[in-house]
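See structure below.
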Amino acid sequence: MGGESTFDLDAVDWRILAELQEDARVSYAELGRRVGLGATAATERVRRLVDNGVIKGFRAEIDLERVGYGVLAVVRLRHPSGNYRKLHAELERTTEILQCHHVTGKDCFVLFVAARTMRHLERLTGRIATLGSIATSVVYSSPLPSRVITAPTD
């Protein structure tokens, strides 16, 4: 997505990536068993994928509602200028902004925002609106919150 060159992955690499996306806590021994490698070979493959920037990190997936952030919203921002310093400062200080994507079209940015309540969301979007015009959509549910990326089929 950032214009970087691709890294050639073989079928085993893709199977490793699929397994780690499903469960990043799997042991190297178990990972190796699942993809047909020994623990040492699986460890080396994962290390190579990390070293080459294919795997960017390992994170815990948090249930936002369980930790008090029951409102998820998509905020579309039309930023009036090409100077993004204020936006970057807001992104830095507002931990409730979970993601920010610079996009094509009328809106310049799409942000995913987690809030505790509707009032909290109103305060957050009020701050974001100081950067430009916004449109906010509250997420009712997420039938597909994320997807495991697999080897291309074409």
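The values are calculated or read from the model by the stated rules, or taken from the named source; none is laboratory data. This one's a predicted model, so the numbers in the text were calculated from it and none came from an experiment. Glycine also receives a Cβ, built like all others from the backbone with ideal geometry; neighbour counts cover every protein chain displayed.
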ask   = Any idea which of Val12, Val67, Val46 is farther than 22 Å from Pro145 by Cβ and either touching a Lys or Arg at 6+ places or on another chain (Cβ under 8 Å) or loosely packed, with under 11 Cβ neighbours inside 10 Å (or both)?
value = Val12
Members of region 112-127 found to be assigned to a helix (DSSP H, G or I) and surrounded by 11 or more Cβ atoms within 10 Å (Cβ to Cβ), listed by number = Met118, His120, Leu121, Glu122, Arg123, Leu124, Thr125, Arg127
message = Would you confirm, using the coordinates I've provided, whether His101 is modelled with pLDDT under 95 and touching a Phe, Trp or Tyr at 6+ places or on another chain (Cβ under 7 Å)?
response = no
note = Subset of region 128-151, residues of a type outside the set (S, T, N, Q), farther than 17 Å from Val71 by Cα and either surrounded by 10 or more Cβ atoms within 10 Å (Cβ to Cβ) or more than 18 Å from the chain's Cα centre (by Cα) (or both), comes to Ala129, Leu131, Gly132, Ile134, Val148, Ile149, Ala151
inquiry  = Suppose we filter region 94-117 for residues that are touching a Cys at 6+ places or on another chain (Cβ under 8 Å) and more than 11 Å from Val75 (Cβ to Cβ); how many remain?
reply    = 1
inquiry  = Only one of His102, His79, His88 is over 30 Å from Val26 (Cα atoms), touching a residue at least 40 places away in the same chain (Cβ under 8 Å) and not assigned by TED's automatic domain parsing to the domain that holds Leu17. Can you tell me which?
reply    = His79
remark   = Considering region 82-111, residues that are surrounded by 11 or more Cβ atoms within 10 Å (Cβ to Cβ) and hydroxyl-bearing (Ser, Thr, Tyr), and then whichever is farthest from Ser146 (Cα to Cα), we arrive at Tyr84
